[in-house]
Amino acid sequence: MREIIKSKIIPLPREDIDTDLIIPADFLTTTSKKGLGEHVFARLRMMESNFPFNLAKYREAKILVAGKNFGCGSSREHAAWALRDWGIEVVIAPSFADIFFNNAMKNGILPIILDEKIVSEIFAKEDCEIEVNVAAQKVILPNGEVFNFEIDSYRKECLLKDMDDLAYLVSQMSEIKSFDKRHSKNIFFDTKVL
């Protein structure tokens, strides 16, 4: 993930957007992350011609702004896969379902929790670019207003270095081996048990 993401927003001022709306069950037959983006919000896009994901002006936008409880419903990781495959790098909302929040982080999407009033203010900026500074943990509006957000330092490092949990673990291999070397002599193994 880039340290600074500047983009128009995709406004989705609805609450309780569940994972079945994000990626309908019809498209869960794959274990590949590629190609799911074309089906993101498929039902809503079919029912509403002016749904934001149907409009050309939002096609290159990297920041989705939504109502509270975004990503509720089932635990399908495909929801995060589909958003990321579409090109979404950041989702801003007043609240997220816990499982979606974690799935987003693990799949290169930064979920940002901001107060409902701030989110409403951001919706009003839909035709302007906003900036998300991941390293500084700031959302910067076109008028210069700055809003801070929280992110766990481990998840922040993984996002900035484009690493999942396994890649992070592998990146620490020399320290793991060093720790193992220092401490393995203090461990007694009963070879009969092994």
Problem set entry | Net +/- balance of residues flanking LEU160 in space, Cβ distance below 11 Å, scoring K and R +1, D and E -1 | +1
Exercise. Given the options ALA167, ALA82, ALA61, which has the most mean-square fluctuation in a GNM of the chain, springs set between C-alpha atoms less than 10 angstrom apart?
Worked result: ALA167
For this session: Go ahead and run the numbers for FRET between ASN50 and SER153, Cβ-Cβ distance against an R0 of 45 Å, rounding to 0.05.
Result: 0.65
Exercise. By count of other Cβ within 10 Å, fewest leading, how are ARG14, ARG84 ordered?
Worked result: ARG14, ARG84
Seminar exercise, completed: In nanometres, the difference between 0.36 nm per residue of separation and the alpha-carbon distance of ASP20 and GLU116 is 32.2 nm
Problem set entry | Unit charges on C-beta of K, R, D, E only; dipole of the chain, Debye | 640 debye
For this session: Please count, across the stretch 4-151, the pairs of lysine residues with Cα atoms under 15 Å apart that sit 8 or more places apart or on different chains.
Result: 11
For this session: Please give the contour-minus-distance gain from THR31 to ASP162: 0.36 nm per residue of separation, less the Cα-Cα distance, rounded to one decimal in nm.
Result: 45.1 nm
Seminar exercise, completed: Toy charge model, Lys and Arg Cβ at +1, Asp and Glu Cβ at -1: the stretch 78-193 dipole around Cα centroid in debye, rounded to 20, equals 880 debye
Seminar exercise, completed: Contour minus Cα-Cα span, GLU38 to HIS183, at 0.36 nm per residue, comes to 47.2 nm
Seminar exercise, completed: Taking the alpha-carbon centre of each part, the distance from the stretch 14-83 to the stretch 91-128 in Å is 14 Å
Seminar exercise, completed: Relative contact order of the stretch 66-194 (C-alpha contacts under 8 Å, at least 6 apart) in percent is 18 percent
Problem set entry | Surrounding net charge for GLU145, when Lys and Arg each add one and Asp and Glu each subtract one, Cβ distance under 13 Å | 0
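Every number here is computed from the coordinates shown, using simple stated rules; none is lab data. None of these values were measured; they are calculated from a predicted model. Counting neighbours? That spans all protein chains shown, and the Cβs are built from the backbone with ideal geometry, glycine included.
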